[in-house]
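Q: Pasting a structure here, questions to come.
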């Protein structure tokens with residue numbers, strides 16, 4: 001094949017706009033929100049003529065499925081948070097631990113995996129972490145291993161289902177691969193990566209976890225399932241089933257997720273009217289994702305994503321197994337350089353434009369999802385760039401030993417990626 | 001000079017329950033009056049990480065209210081510190097029936113707060129365990145944990161280093 005560079009003369013400008021935008025997203029100077037930064041970047045792409053105004057509108061409109069999905073997902077997560085579901089799940093973990101710090105770690109990882117798989121990794125990390133912290137403190141234990149376990153498992157389990165990570169929907173939507181067709185491969189892969197993570201944590205904390213917790217809180221003091229309205233629990237069950245059926249029928253996930261959210265909100269309304277039912281809808285997430293679509297369109301029109309695809313997939317495009325491995329590692333590296341959502345957008349666009357065969361595109365979707373979901377665990381703050389910012393924060397008084405966190409991510413990330421990739425290669429590559 | 005001997009005991013909470021007996025052997029009985037202050041330092045690093053790090057990590061995902069979460073975590077820490085010190089208070093009272101026992105909670109980095117408290121209380125001796133968070137400490141370069149290591153280096157008063165009896 002003749003390798004002719006697909007880069008156009010506008011490539012340096014497009015790359016500069018993208019990188020400055022990502023820099024603003026990560027560093028957030030003047031308390032600029034990520035959404036505002038991304039919107040500024042998208043505006044710059046249009047002003048620079050890299051994306052036409054009409055193109056920008058059609059980018060946003062073309063993302064309708066993903067955007068509706070996020071409305072439903074953030075709304076459903078907010079209903080779950082208000083319902084006390086997380087506290088009840090954590091309470092069950094506490095009861096199951098029997099006061100053993102090791103068993104508590106296993107139970108916390110299991111609870112985190114369930115929440116991440118059914119309600120997205122971000123909900124698991126943001127809502128479950130404080131709940132777990134409070135729970136572990138009541139045992140008189142140091143919460144640090146458990147807090148990190150929540151962070152890591154939120155991502156390790158997030159390859160499981162389309163709902164488990166925003167990246168999954170973005171990648172399958174852009175690559176035109178049915179999200180449901182990935183589940184038979186990704187669900188076992190998620191299980192493998194969670195087990196691998198648990199093994200790492202138990203080995204690495206074997207000296208820090210005492211044999212018994214110093215305090216034994218009475219077991220009836222833990223939040224129980226009776227606090228969660230029965231009807232709402234049933235609605236969650238129905239929602240999971242409805243979602244499974246809809247994705248098996250290949251219905252678009254966005255409207256399905258929005259319908260699921262409206263169902264949950266309706267049931268919540270009948271038992272306990274929420275004060276502000278629309279709180280927790282991720283408006284800034286929507287702006288961010290819509291802007292990201294325009295930014296990546298700019299990169300694409302300048303030939304940058306095609307150039308990336310040539311570099312990454314140039315030699316291996318005809319072997320699905322090689323495509324999967326290469327995209328997984330490239331997406332993991334990308335996620336650590338520019339955070340996972342932008343990396344997923346860029347990669348999905350690059351792979352989509354490469355004109356792969358159906359088997360290779362399927363393998364590329366699996367690889368990209370594994371890499372972009374699990375890769376950011378390398379540092380507990382999501383990317384190497386964020387980590388630099390985190391180190392700056394330390395100088396401003398955040399007194400935590402950064403090294404003790406990085407060290408764990410450096411071990412956990414390759415191990416979980418390899419575990420997931422191994423399973424995906426076994427199950428996801430036709431032979 | 002008062003005749004009272006003042007011991008400051010730094011407790012992570014996971015120490016060997018035999019610790020009060022070991023302190024009692026050193027303090028003796030019948031001699032001058034003994035005053036024991038039990039100090040537990042709530043490590044604030046994990047709390048800041050728990051409230052802060054997922055927010056940094058998760059980008060524009062809608063965040064729960066940060067102040068409310070920090071308050072919840074702080075309350076949990078304080079509740080745990082109180083409960084831990086109550087448990088150890090009873091153990092020390094059983095081992096040292098005539099001693100006066102006080103409780104103290106500090107917040108920050110344990111190694112620094114222990115040294116600061118020893119200086120402020122002007123204790124006659126500081127009692128701490130070599131590796132409270134692990135099993136029986138084996139001899140060797142890692143037999144003293146990082147908190148105890150710092151305190152050994154910086155304590156303004158004599159240190160009584162206790163190893164867990166196996």
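Q: Mind counting the residues in region A:137-151 that are more than 22 Å from residue A:406 (Cα to Cα) and in a helix (DSSP H, G or I)?
A: Of the residues in region A:137-151, 2 are more than 22 Å from residue A:406 (Cα to Cα) and in a helix (DSSP H, G or I).
Q: Name the one entry in A:396, A:431 that is farther than 24 Å from residue A:310 by Cα, within 12 Å of another protein chain (Cβ to nearest Cβ) and modelled with pLDDT under 80.
A: Just a single option satisfies the conditions, and that option is A:396.
Q: Those residues that are under 21 Å from residue B:132 (Cβ atoms) and touching a residue at least 24 places away in the same chain (Cβ under 8 Å), I need them from region A:145-183; list them, please.
A: A:145, A:146, A:148
Q: Which of the helices (runs of 4 or more DSSP H) contained wholly in region A:282-377 include at least 1 residues that are within 14 Å of chain B (Cβ to nearest Cβ)?
A: Here the list reads A:283-301, A:320-338, A:340-352, A:358-374.
Q: From the residues in region A:182-211 that are surrounded by fewer than 16 Cβ atoms within 10 Å (Cβ to Cβ) and modelled with pLDDT under 85, which one is nearest to the chain's Cα centre (by Cα)?
A: Checking each candidate, the answer is A:206.
Q: Shifting gears a bit: If only one of A:44, A:56 is over 30 Å from residue A:412 (Cα atoms) and at pLDDT below 85, which one is it?
A: Of the residues listed, the single one that is over 30 Å from residue A:412 (Cα atoms) and at pLDDT below 85 is A:56.
Q: Consider residue B:55 carefully, then state whether it is touching a helix residue (DSSP H, G or I) at 6+ places or on another chain (Cβ under 8 Å), at the interface with another protein chain (Cβ under 9 Å from one of its Cβ atoms), outside any strand (DSSP E or B) and modelled with pLDDT of 90 or more.
A: No, not satisfied.
Q: Can you tell me which residue among A:243, A:236 is under 21 Å from residue A:282 (Cβ atoms), under 27 Å from the mean Cα position of the chain (by Cα), at pLDDT below 85 and not in a loop (DSSP other than H, G, I, E, B)?
A: Among A:243, A:236, only A:243 is under 21 Å from residue A:282 (Cβ atoms), under 27 Å from the mean Cα position of the chain (by Cα), at pLDDT below 85 and not in a loop (DSSP other than H, G, I, E, B).
Q: To continue, here is another question. Consider residue A:294 against the criteria (1) more than 24 Å from residue A:10 (Cα to Cα); (2) modelled with pLDDT of 85 or more; (3) touching a helix residue (DSSP H, G or I) at 6+ places or on another chain (Cβ under 7 Å): it satisfies all of them except one. Which criterion is unmet?
A: Result: residue A:294 fails condition (1) only.
Q: Still on this structure, please answer the following. Could you please let me know if residue A:106 is modelled with pLDDT of 90 or more, more than 8 Å from every other protein chain (Cβ to nearest Cβ), assigned to a helix (DSSP H, G or I) and crowded, with 24+ Cβ neighbours inside 10 Å?
A: Spelling it out, it is not the case that residue A:106 is modelled with pLDDT of 90 or more, more than 8 Å from every other protein chain (Cβ to nearest Cβ), assigned to a helix (DSSP H, G or I) and crowded, with 24+ Cβ neighbours inside 10 Å.
Q: Scan A:234, A:223 and give me the residue that is under 19 Å from residue A:77 (Cβ atoms), within 14 Å of another protein chain (Cβ to nearest Cβ) and surrounded by fewer than 21 Cβ atoms within 10 Å (Cβ to Cβ).
A: Every option except A:223 fails the conditions.
Q: Does residue A:123 qualify as being over 24 Å from residue A:102 (Cβ atoms), within 11 Å of chain B (Cβ to nearest Cβ) and either assigned to a helix (DSSP H, G or I) or touching a residue at least 12 places away in the same chain (Cβ under 8 Å) (or both)?
A: Criteria met by residue A:123.
Q: Give the residues of region A:205-226 that are outside any loop (DSSP other than H, G, I, E, B) and in contact with a helix residue (DSSP H, G or I) (Cβ under 6 Å, 6 or more places away or on another chain), sorted by residue number.
A: If the condition is that a residue be outside any loop (DSSP other than H, G, I, E, B) and in contact with a helix residue (DSSP H, G or I) (Cβ under 6 Å, 6 or more places away or on another chain), then A:219, A:225 are the ones that fit.
The values are calculated or read from the model by the stated rules, or taken from the named source; none is laboratory data. These figures come from a predicted structure and were not determined experimentally. Because the Cβ atoms are built from the backbone with ideal geometry, glycine has one as well, and the counts that use them run over all protein chains shown.
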